[in-house]
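The values are calculated or read from the model by the stated rules, or taken from the named source; none is laboratory data. The model shown is predicted, which means the values in this text are computed figures rather than measured ones. For neighbour counting, all protein chains shown are included, and Cβ atoms are generated from backbone atoms with ideal geometry for every residue, glycine included.
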Amino acid sequence: MKFLEYTPLDSINLFLDHLNLGESTIKGNLEAFSCKHTGTDRKLSLSLEHEILDYLGQSSDSDPSSPVEYLSSRSSRRTLIYLVLTLSHMYPDYDFSAVRAHLFFREEEWETFKQIYDTYLFEAARVCFNLTIGFIKWI
């Protein structure tokens, strides 16, 4: 993976740097990375893939709602591997090579997470809209 300079993200990052929503604060940053693996990325990616498959093979968990079951999907494993690779590039001082993939999952309903996420984004959009309207009136 390689960090990509993408200047349109700068204005969004300025907005997300410290967004006060009253009861909560969003401190965020968007960055762009290529998804092409470097040599080190390939090595870590294969290591994680083998670790996940070994864990799935040894797991006696037959509960279909178990978080481990999500790892059986190739696309879910890839998403997790990209997450670990991105963390590795964002925080080069930390070693993510010994990460245990199955520990990344928590049992949480998707709809609950989506509702929380949508609420925060709605509040952020409202603040952005109010700032934009205020700026336009000022001009």
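Scanning the stretch 104-124 finds no residues that are closer than 27 Å to PHE3 by Cβ, modelled with pLDDT of 80 or more and either of a type outside the set (Ser, Thr, Tyr) or touching a Ser or Thr at 6+ places or on another chain (Cβ under 7 Å) (or both). Of the residues making up the stretch 83-97, not a single one is over 29 Å from LEU4 (Cα atoms), modelled with pLDDT of 75 or more, surrounded by 12 or more Cβ atoms within 10 Å (Cβ to Cβ) and of a type outside the set (Lys, Arg). Only one of the listed residues (LEU71, LEU56, LEU16, LEU30) is surrounded by 11 or more Cβ atoms within 10 Å (Cβ to Cβ), at pLDDT below 80, within 30 Å of PHE129 (Cα to Cα) and of a type in the set (A, V, I, L, M, F, W, C). That residue is LEU16.
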